[in-house]
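Taking it in order: structure first as structure tokens, then the write-up.
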Amino acid sequence: MSGFLAVLTFSGWNRLWPVIGYLLVSLLVLAWSYRAAPAGPLRWACLALKAAALAALGLCLLEPLWFGERARPGANLFAVLADNSQSLQVKDAGAAQPRGEMLRGLVDPAKSTWLAALGDTFEVRRYLFDTRLQATTDFHELAFDGRSTALAGALHTLADRFQGRPLAGILLLTDGGATDIRDVPPDLSRLPPVYPVVIGRMDPVKDIALQQVSVTQSAFEDAPVSVQADVTAAGFHGQPIVARVTDETGQIVEEKTLAGGNDSERLAFRFPLKPERSGLLFYQVRVGAQAAVAGGASAGSDEATLANNARVFVVDRGGGPYRILYVGGHPDWEYKFLNRAAQEDKEIELVGLIRVARSEPKFDYRGRVGETSNPLYRGFGNQAPEDVQRYDQPVLVRLNTKDATELRSGFPTVPEDLYSYHAVIVDDLEAAFFSPIQAMLLQKFVSERGGGFLMLGGAQSFQDGGYARTPVGDMLPVYLDGPPGTPPAAAGWRLDLTREGLLQPWARLRDNEGEERARRDAMPGFEVVNRVRGIKPGASLIADLHDQTGAETPALATQRFGRGRTAGLMVGDFWRWGLSDEGAHADMDKSWRQMLRWLVADVPNRVELTVTPQPEDANNAVRLQVRARDATFQPLDEAGVAIEVQPVSFGGPAAGALDKPIRLMAEPALSEAGLYEATYVPRLTGGYRATAIVTNSVGAEVGRAQAGWSVDLAADEFRSLTPNVALLESIARQTGGRVIAAEDLNAFVRGLPNLKAPIMEAWSFPLWHTPEMFGFALVCLLSEWGLRRRKGMA
């Protein structure tokens, strides 16, 4: 809809020459009649007045007409959209009432007449919008409680709804805080002119806002979870700002205070958390002025809004048990200390398979007829071949197994058995122990199943164990073609973390570099080292060894291999560290636990549940994706997948006790085998816990998985508390409209019928027989006579 001017036309063009002749004769007569008048301004003024009167009378002979177009009354539609989101609850600085009351006054017929004036020409359609667009009759539903402002969605819905209909324009009453428009404005080419009416002031407001909460997790036992809350405190310069972290029970976990800075400056609150439980944990961080936090929510009434002062975040500590298979070449101290350290982690199950006797050379033993078992077992219980060791097989001891059948046949030979573990540790065991099938299976365990693999040093490890050019050696992060063996150093090899190792929380034991270096300097020297040529491309060197002569060799290296990860610890007497004193023993145990946690981190389970937010959805919908696998970790088709979603409450029964879990049935995805998807739309701000239950084709349960996420429905809504005038100007410019000030709304609506609309009608207005035209001529003549009379010329 664009503005235009009416056109002046003449219907008596056939009288043009007579009128010109009349005007010429009149001017000559006037000039002759004023020839004797005294020269001066008075004579010229009187002459001009009389000439204007004669010209107006001559113009009437041409029959002048004003001609134009206007919107046909009742033929065009006009939409009025009122913002119903929570951002209208903000009270601007210096304002006597919130923005919502200002908007309510604009649409109240008792206070404003523009709606009635708009209805005189257009068929008005009234709408409210927040997360969605809804029709209204008189805007009485305005409550300003919408969780988001889906401005782009509302405009696109109107474009679809009125496609092909004469929609003349859209009046948009909002503060412009759109939550579904990011950096790039939407395509609005299908819309008629949009006329935004800005609700709110541009003056800065006084407010404390929680802008972002980031969570970093690691295997560092002293601070496994690091939380940073970024806060802005406009109008609180120099005042103490408090950030408090509470758990689900309402107990205060951490609290910190910082002084407020400039309005645009961000305060970074950092919290090191050490959760005592595993699994999904939910916390809430709340910020505010010190007086408001101490006195409760009512004390913070001087802020523009309190809706952006709290946020829930999720910590996933994992859910065990994580099963790790330890395969040792002989009983040694390494397993003893490693097992003791693992027992302190309730989520780790270390299963041992230790060889206590090597296999004997295969030959025909002249024993009793039919005897195939080792004569050492003669006379000890059942001598069935499946229950005793053959003399040409090694003697293995199973430790911490879950039942009598686990590892009964030794190291697994089929994927179903090996893939039940999350990681495998090989200690001082030669490559010949594994058959070619077992070696390839171990490699696939890492590359395809995504498991973890760690080789410990010893006389039968790495190159000394014959792992060069084997499937196991190929996935190690170090080259095995270096010089055989390592001569012992004079005072032992000293271990030191590399720069990259210092950056890995699971590799260090102190929270600062000075204390970490002092701890390493106190460690004893190691004497059993497997020397390697170097690390492979893409691998990370976490620690190295050096002696007094300056010689260096890698000590601990890691790398990604397929879907999993591998590591090599080239030290064969790591246990020596724990023999120094009680503190060193505790450090060694802690190092083992962190290494084991790193080894099983990110190892996939048979059932996995992931939560993917949908940023383009104004309702904060999330996509729940479940990946189901069979015992060989191949995609599981034809499975039944149910997802239960439960809101999480904090310190009260508000959400958790009143809302029952919602059960969703996930549908198979067409893009990936074994993937099942469902969509969930949260209704409350806070945390959500989802549990996926997978059953196979016969109804037997395959497994379960949990995932959690948090929703802050007001995060985008209150990201900026000043009206987004730039966005509204962009929308108006794209559609051919303009931004209207609230105080100019009545005048603008009165002029709307004269702007272009889909359905127009012509109008004309004759000037030649109007009282105004003849009145003008009479006024000119009377003024001329009055001037002459006053000066004595009449």
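The values are calculated or read from the model by the stated rules, or taken from the named source; none is laboratory data. Since the structure is predicted, the reported quantities are computational estimates derived from the model, not experimental observations. Neighbour counts run over all protein chains shown; Cβ positions are idealised from the backbone, glycine included. To get the accessible areas, we keep the full protein, side chains included, count just its heavy atoms, and leave off ligands, DNA and RNA. Shrake-Rupley method; radii C 1.70, N 1.55, O 1.52, S 1.80 Å.
Values as computed for the structure displayed
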{"item": "First in segment 550-564 and in a strand (DSSP E or B) and surrounded by fewer than 14 Cβ atoms within 10 Å (Cβ to Cβ), second anywhere and hydrophobic (A, V, I, L, M, F, W, C) and modelled with pLDDT under 95, Cβ under 9 Å, 6 or more apart", "result": "Glu552/Leu545"}
{"item": "Unique match (being open to solvent by less than 10 Å² (accessible area, probe 1.4 Å) and assigned to a loop (DSSP other than H, G, I, E, B)) among Gly473, Gly450, Gly501", "result": "Gly450"}
{"item": "Qualifying residue in segment 14-32 (condition: modelled with pLDDT of 75 or more and of a type in the set (Lys, Arg))", "result": "no"}
{"item": "Residue satisfying condition, being surrounded by fewer than 17 Cβ atoms within 10 Å (Cβ to Cβ) and at pLDDT 90 or above, within set Gly534, Gly485, Gly578", "result": "Gly534"}
{"item": "Residue match in segment 407-425 (condition: assigned to a loop (DSSP other than H, G, I, E, B), without any contact (Cβ under 8 Å) to a residue 12 or more places away in the chain and open to solvent by 30 Å² or more (accessible area, probe 1.4 Å))", "result": "yes"}
{"item": "Leading residue by the ranking (nearest to Ser85 (Cα to Cα)) among those in segment 169-200 that are of a type in the set (D, E, K, R) and modelled with pLDDT under 85", "result": "Asp180"}
{"item": "Count of residues meeting criterion [in contact (Cβ under 8 Å) with a residue 40 or more places away in the chain and under 30 Å from His156 (Cα atoms)] in segment 589-613", "result": "2"}
{"item": "Any hit, segment 53-63, residues being closer than 30 Å to Leu752 by Cα and either aromatic (Phe, Trp, Tyr) or at pLDDT below 75 (or both)", "result": "yes"}
{"item": "Meets criteria (within 25 Å of Ala233 (Cβ to Cβ) and crowded, with 24+ Cβ neighbours inside 10 Å) for Thr179", "result": "yes"}
{"item": "Residue in segment 74-91 that is open to solvent by 70 Å² or more (accessible area, probe 1.4 Å), part of a loop (DSSP other than H, G, I, E, B) and at pLDDT 90 or above present", "result": "no"}
{"item": "Residue check for Ala762: at pLDDT 90 or above, among the aliphatic types (A, V, I, L, M), over 23 Å from Leu88 (Cβ atoms) and open to solvent by 30 Å² or more (accessible area, probe 1.4 Å)", "result": "no"}
{"item": "One residue from Gly465, Gly473 being modelled with pLDDT of 90 or more and under 25 Å from Arg597 (Cα atoms)", "result": "Gly473"}
{"item": "Residues that are assigned to a helix (DSSP H, G or I) and acidic (Asp, Glu), drawn from segment 92-116", "result": "Glu101"}
{"item": "Residues of segment 204-252 satisfying the condition of being assigned to a strand (DSSP E or B), open to solvent by 40 Å² or more (accessible area, probe 1.4 Å) and over 28 Å from Leu502 (Cα atoms)", "result": "Pro240, Arg244, Ile252"}
